[in-house]
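Presented below is the structure to which this report refers.
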């Protein structure tokens, strides 16, 4: 294996580890909003490191260009999706009380 | 000018996605890019808001800083998750964004959400509702460092 392969493997593996940690956090976190924070580790460090590793593996080619576009898509789309979810949860909470599991006093 | 930049961006996207470099397909790409730019002009969908090409150099300065912030706070959240005691202290705070334009506020709200540990729940004109997973994270938002940086690159 060349140095390029080693770096790529290292980056992809590290990304995978962060994805697993994010998934564990998704289970461990007690409330809706705290679970969203765990998920954001997956979409930033997890996806970011995996894409970076694949770009190293692909080298300077069209594939890495496509991967860069994919990274940009995640970079712009994921905060929008996260915000939409959080806002929906907030509105729902206003409708039905503390359905999303925010303990009292958490919102000031 | 704005449409020329848009057409160039469309064409770059075409080349990356197609991967063929035969003259006919390249010229087809040029034709389609120009056609889409003209359609966009007819629809008036390319304005400073959807296509802020003028602030691109400033973005190149902001993004590396934001990327580093994301790495740091992702690491913090990772440590929270793997810590056996789960030392979270969830907080809702209200922050006042200082950006003038809608685009500036969107960039600031998205930056907050993109940084693990903080989520913009509501983004209204003069006030954001932000959920942070720890008190320290909430204080990081209220310190206003990110707010100042976004405002700075909004007005060159």
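The values are calculated or read from the model by the stated rules, or taken from the named source; none is laboratory data. Model, not experiment: these values are computed from the prediction. In this analysis, Cβ positions are derived from the backbone assuming ideal geometry, glycine residues included, and neighbour counts consider all displayed protein chains.
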- Message: Looking at residue B:108 and the list (1) touching a strand residue (DSSP E or B) at 6+ places or on another chain (Cβ under 9 Å); (2) over 15 Å from residue B:153 (Cα atoms), which single condition is not satisfied?
- Response: (2)
- Message: Quick check on my filter: what residues within the stretch B:123-138 are more than 18 Å from residue A:88 (Cα to Cα), assigned to a loop (DSSP other than H, G, I, E, B) and modelled with pLDDT of 85 or more?
- Response: B:133, B:134
- Message: Kindly evaluate residue A:41 against the criterion of being touching a helix residue (DSSP H, G or I) at 6+ places or on another chain (Cβ under 8 Å), more than 11 Å from chain B (Cβ to nearest Cβ) and within 20 Å of residue B:71 (Cα to Cα).
- Response: no
- Counting only residues that are at the interface with another protein chain (Cβ under 8 Å from one of its Cβ atoms), more than 13 Å from the chain's Cα centre (by Cα) and touching a residue at least 24 places away in the same chain (Cβ under 8 Å), how many does the stretch B:53-93 have? 8
- Here the residues within the stretch B:109-122 that are at the interface with chain A (Cβ under 7 Å from one of its Cβ atoms) and assigned to a strand (DSSP E or B) are B:119, B:120, B:121, B:122
- Query: Taking the stretch A:45-65 as the search range and keeping residues that are at the interface with chain B (Cβ under 9 Å from one of its Cβ atoms) and modelled with pLDDT of 90 or more, which one is farthest from the chain's Cα centre (by Cα)?
  - Reply: A:48
